[in-house]
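Working notes, beginning with the structure itself.
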Number of protein chains: 6
Amino acid sequence: MPKSAIYPGSFDPVTFGHIDLIERASNIFDEVIVAVASNTVKQPFFTTEERLKLLKEATKNIKNIRVEIFDGLVIEYARKNDANCLIRGLRMISDFEYELQMALTNRRLDKTIETIFLMPSEKNAFISSTLIKEAASLGADISSFVPECVVEVFKNKLKS
Amino acid sequence: MPKSAIYPGSFDPVTFGHIDLIERASNIFDEVIVAVASNTVKQPFFTTEERLKLLKEATKNIKNIRVEIFDGLVIEYARKNDANCLIRGLRMISDFEYELQMALTNRRLDKTIETIFLMPSEKNAFISSTLIKEAASLGADISSFVPECVVEVFKNKLKS
Amino acid sequence: MPKSAIYPGSFDPVTFGHIDLIERASNIFDEVIVAVASNTVKQPFFTTEERLKLLKEATKNIKNIRVEIFDGLVIEYARKNDANCLIRGLRMISDFEYELQMALTNRRLDKTIETIFLMPSEKNAFISSTLIKEAASLGADISSFVPECVVEVFKNKLKS
Amino acid sequence: MPKSAIYPGSFDPVTFGHIDLIERASNIFDEVIVAVASNTVKQPFFTTEERLKLLKEATKNIKNIRVEIFDGLVIEYARKNDANCLIRGLRMISDFEYELQMALTNRRLDKTIETIFLMPSEKNAFISSTLIKEAASLGADISSFVPECVVEVFKNKLKS
Amino acid sequence: MPKSAIYPGSFDPVTFGHIDLIERASNIFDEVIVAVASNTVKQPFFTTEERLKLLKEATKNIKNIRVEIFDGLVIEYARKNDANCLIRGLRMISDFEYELQMALTNRRLDKTIETIFLMPSEKNAFISSTLIKEAASLGADISSFVPECVVEVFKNKLKS
Amino acid sequence: MPKSAIYPGSFDPVTFGHIDLIERASNIFDEVIVAVASNTVKQPFFTTEERLKLLKEATKNIKNIRVEIFDGLVIEYARKNDANCLIRGLRMISDFEYELQMALTNRRLDKTIETIFLMPSEKNAFISSTLIKEAASLGADISSFVPECVVEVFKNKLKS
């Protein structure tokens with residue numbers, strides 16, 4: 001009986017921090033579904049399709065994973081996929097607070113689904129999609145934060 | 001000489017966390033004025049009148065309280081009502097930081113008015129109006145976070 | 001019917017931070033009982049009697065207060081004194097965590113007793129009895145952290 | 001191929017917080033080894049054998065678990081048991097910091113072993129073995145924090 | 001060979017907290033370049049020129065400093081000015097997290113530039129440009145948070 | 001006129017985290033005095049002389065530094081050495097709180113001496129002398145946390 005876990009996020013764009021976490025999760029669970037949220041609170045920089053495509057490209061060598069788009073409640077999505085775990089990364093304090101709040105909210109909506117937290121490598125722990133987008137738009141070389149495919153798409157997007 | 005305390009907030013919408021705090025405050029002070037801010041920094045989801053009405057409905061069985069709208073500075077409002085205490089809830093760390101900052105700012109504006117902090121029950125400590133609005137808009141059942149009257153108004157609002 | 005509040009602590013020794021809080025509490029409550037714990041987890045530097053005497057001396061001009069020794073559970077002591085509030089100061093984050101933990105433990109032991117948190121002046125917010133004792137033992141002038149009576153007793157104690 | 005996880009701790013004594021976490025872990029992993037540290041930094045209140053016995057008694061109805069004593073490095077113990085996950089609970093901020101520090105230290109000692117963090121129920125999140133021991137020694141009724149078997153042993157231990 | 005440090009910020013508007021930090025930095029470094037960001041993520045309340053003018057006026061008596069506008073990446077600006085230090089203030093926890101994240105991002109972009117953190121006086125540690133703007137727009141007297149020149153400009157801006 | 005900075009600590013023992021910070025400080029200041037506290041609150045594992053010797057050995061290739069023993073107040077020591085800066089590392093949140101508290105205490109004792117905070121590399125940010133001592137005493141290979149000379153001394157110390 002395979003056990004699945006969902007790793008939900010906006011992945012706007014995927015960073016080395018996300019990839020680090022996906023690799024760790026794929027070592028623990030039989031299958032990890034990396035789920036790109038199409039309904040995000042903030043307007044994303046990349047479209048849902050761009051985010052999906054970059055994520056697939058960036059994780060093509062990781063086994064036991066599936067990359068998909070989801071909308072609606074993450075717990076509904078987990079139920080539909082027979083997954084009983086949500087995976088989240090622990091990065092920083094303020095992050096941690098928000099993550100706990102979200103995990104407790106999800107647990108109250110469905111107590112059979114557990115949120116588990118993994119820790120990225122310390123060299124990836126501070127990487128923030130938001131800061132990367134700011135830095136890239138000011139011309140910074142972001143190749144130490146995101147995979148090559150993301151660097152390329154950024155360049156094209158910022159040119160246009 | 002009765003002592004009044006003000007519990008200011010945006011209450012967008014009122015949650016079980018707010019009600020928990022209002023009950024605790026009503027056991028300590030002779031009168032608690034629950035004050036709905038009409039001038040909020042962020043655009044509220046509910047109108048000031050909706051927020052007032054839901055708050056009144058949700059707290060109708062609590063003694064020693066008064067529910068009102070206020071605009072302008074909260075310390076001016078406290079002075080007008082002869083209240084020397086502001087009440088705030090302590091929920092989480094990031095929250096706590098912001099609350100301290102606001103309390104110290106208010107104290108410098110009027111040093112005779114004291115901010116006191118109460119702790120909600122742990123089962124209400126993580127409830128966030130923001131997360132509830134997100135969850136409700138995605139179709140979640142939010143009846144374990146907010147009173148029945150709020151559930152109803154949400155349904156009507158989201159239908160339209 | 002007067003409302004009492006308990007401000008419990010080890011006061012080893014009383015600092016300007018404690019006095020700040022006692023003054024604020026005395027403006028809110030009809031009576032504040034400042035309660036010196038005789039059974040402390042860590043071995044105190046000053047005896048219970050010394051801590052009581054210094055606290056009394058340092059607060060002699062504050063109205064509406066009573067300074068006493070207590071042992072046993074603070075909630076038992078509150079019940080015996082018909083007090084329904086415990087007062088605690090909010091200083092720093094790590095402090096805050098411990099305080100919340102203790103307040104929730106006390107609430108579960110007696111849910112009729114509420115812990116309320118007050119904020120000292122920012123100029124007193126960082127004062128720590130522990131650091132003061134370390135500094136004094138190394139010869140520092142601690143007169144900007146503690147009242148004159150404490151400075152004197154420290155000098156005598158360190159001489160002997 | 002079954003996957004095992006280790007939940008190490010001093011369990012001095014086991015609380016409802018620990019039991020909460022063990023239940024959650026047993027729903028995720030094929031086997032959870034609850035490992036009582038015999039070499040603790042602080043002198044424990046209960047002996048290793050008492051801690052083991054209470055833990056076994058308190059978890060006798062939870063499936064998929066094994067309760068054992070271990071000494072030495074937790075990562076050595078994990079290797080010997082073919083376990084690739086360590087389980088830890090996330091309770092509070094200061095806790096969280098220490099936990100991250102320990103997890104990163106363990107990861108550097110053996111990068112094949114992953115620490116995963118679970119969140120107890122909010123009603124168990126603030127329970128602290130240290131505060132319980134303090135409260136019990138002052139005569140508090142601790143039956144809402146620890147299982148009945150622990151209450152009994154405490155009573156006997158405090159009598160003698 | 002003089003050593004320069006950059007103190008970058010949006011200064012929207014300059015507060016006593018910023019001035020406090022600039023004074024401290026000017027006592028440590030041979031030259032401090034106070035750099036007003038023209039490309040801010042959030043829409044500023046004051047124009048870049050207003051922010052520059054107020055900052056110059058407010059710091060005219062501080063030696064060893066230069067006030068300038070910059071755009072683009074702060075590390076590029078530091079390189080152009082032969083400055084190997086960025087100065088940032090430490091105020092509060094959530095602040096601290098963001099600052100660490102930004103500092104580590106900047107370090108990865110240019111490892112020769114070091115971010116150093118200074119602590120404002122405790123009486124200035126909680127001052128927030130955001131809260132001041134809110135308070136001023138509601139009619140508060142903000143003269144204990146910002147220099148006189150800022151008070152005046154605010155009055156004129158809010159009248160119009 | 002050379003500017004000196006003091007980096008005080010117990011260095012029990014020196015770790016890669018300390019060395020990281022000393023290197024950064026030596027790039028900013030004309031001279032850095034690394035000062036080993038002989039009067040520590042907790043009983044150190046290594047003697048003052050051992051700590052000094054290991055620190056000297058571990059930093060022998062870093063320019064612009066001096067390694068010394070000090071006792072008494074660090075601000076007295078700074079005054080005697082004409083140093084107007086104390087250097088401290090920022091590692092984690094709980095750390096940060098304590099560091100701010102100590103820095104504000106030192107500032108009140110001597111307002112002419114400024115504490116500045118530097119950030120170690122993320123790969124060194126979590127290294128803790130306390131955890132290393134625990135791990136080493138349980139037989140762990142600590143060579144990725146401390147320099148070779150410390151590894152050797154540990155081995156000899158633990159054998160005896």
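The values are calculated or read from the model by the stated rules, or taken from the named source; none is laboratory data. Please read all numbers here as calculations on a predicted model, not as lab measurements. As a convention, Cβ positions derive from the backbone with ideal geometry for all residues, glycine included, and neighbour counts pool all protein chains shown. The area values use the complete protein model at the heavy-atom level, side chains included, leaving out ligands, DNA and RNA. Shrake-Rupley method; radii C 1.70, N 1.55, O 1.52, S 1.80 Å.
Filtering segment A:145-160 to residues that are in contact (Cβ under 8 Å) with a residue 24 or more places away in the chain and either surrounded by fewer than 19 Cβ atoms within 10 Å (Cβ to Cβ) or not aliphatic (A, V, I, L, M) (or both) leaves A:PHE145, A:PRO147, A:CYS149, A:VAL153, A:PHE154, A:LYS157. Inside segment D:44-99, residues that are of a type outside the set (Val, Ile, Thr), assigned to a helix (DSSP H, G or I) and away from chain F (no Cβ under 14 Å) make up a count of 10.
For segment F:74-83, the set of residues classified as in contact with an Asp or Glu (Cβ under 9 Å, 6 or more places away or on another chain) and surrounded by fewer than 19 Cβ atoms within 10 Å (Cβ to Cβ) consists of F:GLU76, F:ARG79, F:ASN81, listed by residue number. Scan segment B:11-21 for residues that are crowded, with 24+ Cβ neighbours inside 10 Å and assigned to a helix (DSSP H, G or I) and the total you get is 2. Given the conditions (1) at pLDDT 95 or above; (2) outside any helix (DSSP H, G or I); (3) under 22 Å from F:ILE127 (Cα atoms), report the number of the one that F:ALA25 does not fulfil. (2) is the only condition that F:ALA25 fails. For segment F:132-142, the candidate set comprises residues that are in a loop (DSSP other than H, G, I, E, B) and open to solvent by 50 Å² or more (accessible area, probe 1.4 Å); within that set, the residue that is nearest to the other protein chains (Cβ to nearest Cβ) is F:LEU138. Look at (1) surrounded by 21 or more Cβ atoms within 10 Å (Cβ to Cβ); (2) within 14 Å of chain D (Cβ to nearest Cβ); (3) more than 30 Å from F:SER121 (Cα to Cα) and you find that A:MET102 fails only one, number (1). Please indicate, with yes or no, whether at least one residue in segment E:107-119 is without any contact (Cβ under 8 Å) to a residue 40 or more places away in the chain, acidic (Asp, Glu), open to solvent by less than 20 Å² (accessible area, probe 1.4 Å) and in a strand (DSSP E or B). Scanning segment E:107-119, I find at least one residue that is without any contact (Cβ under 8 Å) to a residue 40 or more places away in the chain, acidic (Asp, Glu), open to solvent by less than 20 Å² (accessible area, probe 1.4 Å) and in a strand (DSSP E or B), so the answer is yes.
Considering only residues in segment F:121-131 that are within 13 Å of D:MET102 (Cβ to Cβ) and buried (at least 22 other Cβ atoms within 10 Å of the Cβ), the one that is nearest to the other protein chains (Cβ to nearest Cβ) turns out to be F:PHE126. The number of residues in segment F:73-88 being under 13 Å from F:LEU109 (Cα atoms) and charged (D, E, K, R) comes to 2.
Whenever a residue of segment A:1-23 is at positive phi, its partners that are at pLDDT below 95 and open to solvent by 10 Å² or more (accessible area, probe 1.4 Å), lying with C-beta atoms within less than 8 angstrom and at least six residues away or across chains, give the pairs A:PHE11/A:SER129.
Conditions tested, residue by residue: (1) farther than 25 Å from B:PHE117 by Cα; (2) buried (at least 20 other Cβ atoms within 10 Å of the Cβ); (3) more than 15 Å from the chain's Cα centre (by Cα); (4) at pLDDT below 95.
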position: C:ALA35; (1), (2), (3), (4): no, yes, no, no
position: C:ASN39; (1), (2), (3), (4): yes, no, no, yes
position: C:LYS53; (1), (2), (3), (4): yes, no, no, no
position: C:GLU57; (1), (2), (3), (4): yes, no, no, no
position: C:CYS85; (1), (2), (3), (4): no, yes, no, no
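Scanning segment D:59-72 for residues that are surrounded by fewer than 18 Cβ atoms within 10 Å (Cβ to Cβ) and under 24 Å from D:ASN106 (Cβ atoms) returns D:ASN64, D:ARG66, D:GLU68, D:ILE69, D:ASP71, D:GLY72. Taking residues in segment F:27-56 that are touching a residue at least 40 places away in the same chain (Cβ under 8 Å) and aromatic (Phe, Trp, Tyr), and partners anywhere that are open to solvent by 10 Å² or more (accessible area, probe 1.4 Å) and in a helix (DSSP H, G or I), the pairs with Cβ atoms closer than 7 Å and at least 6 places apart or on different chains are F:PHE45/F:LYS133. Taking E:ALA35, is it away from chain A (no Cβ under 11 Å) and touching a strand residue (DSSP E or B) at 6+ places or on another chain (Cβ under 6 Å)? Answer is yes for this residue.
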